[in-house]
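Encoded as structure tokens, the structure appears first; notes follow it.
Read-outs: derived from the displayed coordinates by stated rules, not from any lab. On a predicted model such as this, the values are computed, not experimentally measured, just so you know. For neighbour counting, all protein chains shown are included, and Cβ atoms are generated from backbone atoms with ideal geometry for every residue, glycine included.
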Amino acid sequence: MRFKHLDKYRVGGTNDRPNLAVPVPQTPGGRVYRYSPNEAAAPRHFVLGGRRDAETSDQPKARMRRAPGSPFTVCPYSGVIAPDGDFLHPEDRDAAIKTVGDAAVADAAEYLRDAFKGIARRSKSWTFKPSAHQAPRQRLFIREDLLRAMHCNLCGRDYGVYAVALFCPDCGAPNVALHFRRETELVSAQIEQAESLDPTNNELAYRLLGNAHEDVLTAFEATQKIVFAYLWSTHRPDEAAPNVRNDFQNVDKAKGRYATLGLDPFDQLDAEALAALELNIQKRHVIGHNLGMIDEKYSVLADDAQIGTTVELLADDIRIFAGICLSVVQSLDDAILASSQTGSTIAP
Ligand SMILES: [Zn+2]
């Protein structure tokens, strides 16, 4: 029996046990689905594209955990390293099975049709009319890119993840600071939008700046929660991670959480930066929960604040706030690097 259609996917093996390779469907951005083999990772789905030139970076290449292009993939969420094949996405597995199944059915149909072709040639009482050749059905497998597209600044690999991830899936470099830098770029775009408004739109401009300011703290808190959960799993793997509630919206409480891991990502901030960070976090509470009206707690932190008046929100203050948060996240990135170099999260 010939396997005309199946042979298109053949890459080796024997007649009895051929090795088949089915092309993986791609997203509109030219990326393929990947799925972390680490069951504890949440989420597990990400997309992987090709490699472009890496930006010139001041980050040392030593941050890479693997040589780019090696036959291993790094889970961007949990840091677990495993052979590329272990990252096969369930949807791609199903797609391959269906594609091969369709080809096998088409081959079998052709075999049967050819086998019965002359069967009724001498019969006067019945006839056999074979159906026309039918190619395997053409299935369309839809693949979508994820919202957060990344480009590793060390190895140049293109990939996409849900919101925040900790590692480049190719070279394995910790890159949560790269994610936060993207957040600060989005915040800058929001600020520029507010600044471009006509002066008669002051109320809208204040609202837009307020949203940009809020986004900095939201991203800062979310990033810290994810990093803390990862660092906890590497520092204290036998203990369940504590419920951190909203502790990462408060510098003192956040410091307390990091102290349980022997870390202090705030210690590189000078007194002025630390005070600006605390002031802006409190400013966020005033804008978000008190319609921007200064309360007693805020007035204690800010020298010129008068209770009952509207809190001042300047574009440059938001940029400085985002920059201070970024430097804390950079420290966390370094803590992840130190932690992952111990090898405690690397699978065989
Ligand atoms: Zn990389």
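A few comments on the model shown:
- Of Asn15, Asn211, Asn250, the one that fluctuates the most in a GNM where the chain has Cα springs shorter than 10 Å: Asn15
- Chain lengthening between Tyr111 and Glu195 when straightened (0.36 nm per residue, less Cα-Cα): 23.1 nm
- Added length on full extension, which subtracts the Cα-Cα distance from 0.36 nm per residue, Ala42 to Asp295: 87.2 nm
- Cut-off under 5 Å, modelled amide H: who pairs with Ala82 long-range: Thr73, Cys75
- Residue exposure sequence - Phe180, Phe248 - by fewest surrounding Cβ within 10 Å: Phe248, Phe180
- Neighbour-count order for Cys155, Cys75, fewest beta carbons within 10 angstrom listed first: Cys155, Cys75
- Taking Met150, Met1 and counting other C-beta atoms within 10 Å, the order from fewest to most: Met1, Met150
- For the chain, built as a Gaussian network whose Cα springs stay under 10 Å, the top-fluctuating residue of Arg207, Arg137, Arg63: Arg137
- Shown in residue order for region 191-205 are the 3J(HN,Hα) couplings computed by the Karplus curve 6.51 cos²θ - 1.76 cosθ + 1.60 at θ = phi - 60°: 5, 4, 4, 5, 5, 7, 6, 5, x, 6, 9, 4, 5, 5, 4 Hz (x for Gly and Pro).
- Here the relative contact order of region 193-274, from alpha carbon pairs under 8 Å that lie six or more residues apart, stands at 19 percent.
- Mean Cα-pair separation over length for region 176-340, i.e. relative contact order, pairs under 8 Å, 6 or more apart, %: 30
- Couplings 3J(HN,Hα) of region 246-251, computed from phi: 10, 4, 7, 9, 9, 4 Hz, in residue order, whole Hz [Karplus 6.51 cos²θ - 1.76 cosθ + 1.60, θ = phi - 60°; x for Gly and Pro].
- In the chain, Cα pairs under 8 Å separated by at least six residues give a relative contact order of 18 percent.
- Ellipticity estimate at 222 nm from DSSP helix runs (n ≥ 4, -39,500 (n - 2.57)) divided over the chain, nearest 500: -14000 deg cm²/dmol
- Residue with peak Gaussian network fluctuation, the chain [Cα springs, cutoff 10 Å], from Thr127, Thr184, Thr234: Thr127
- Applying a 4.7 Å Cβ-Cβ cutoff to the chain leaves Cys75, Cys325 as cysteine residues with no disulfide-compatible partner.
- For the chain, fraction of C-alpha pairs farther apart than 36 Å, in %: 41
- FRET E, pair Arg10, Ser70, Förster distance 30 Å, beta-carbon r, rounded to 0.05: 0.65
- Sequence-ordered 3J(HN,Hα) estimates for region 119-126 from the Karplus curve with 6.51, -1.76 and 1.60 and θ = phi - 60° stand at 5, 9, 4, 9, 7, 9, 9, 9 Hz, glycine and proline given as x.
- All lysines inside 23 Å of Lys297 as judged from Cα atoms, apart from same-chain residues fewer than 8 positions distant: Lys253, Lys255, Lys283
- Anchor Lys129: lysines whose Cα lies under 21 Å away (excluding residues fewer than 8 positions away in-chain): Lys117
- Across region 294-331, the residues whose backbone nitrogen lies under 14 Å from the label position 7 Å along the beta-carbon direction of His285 are 294-302.
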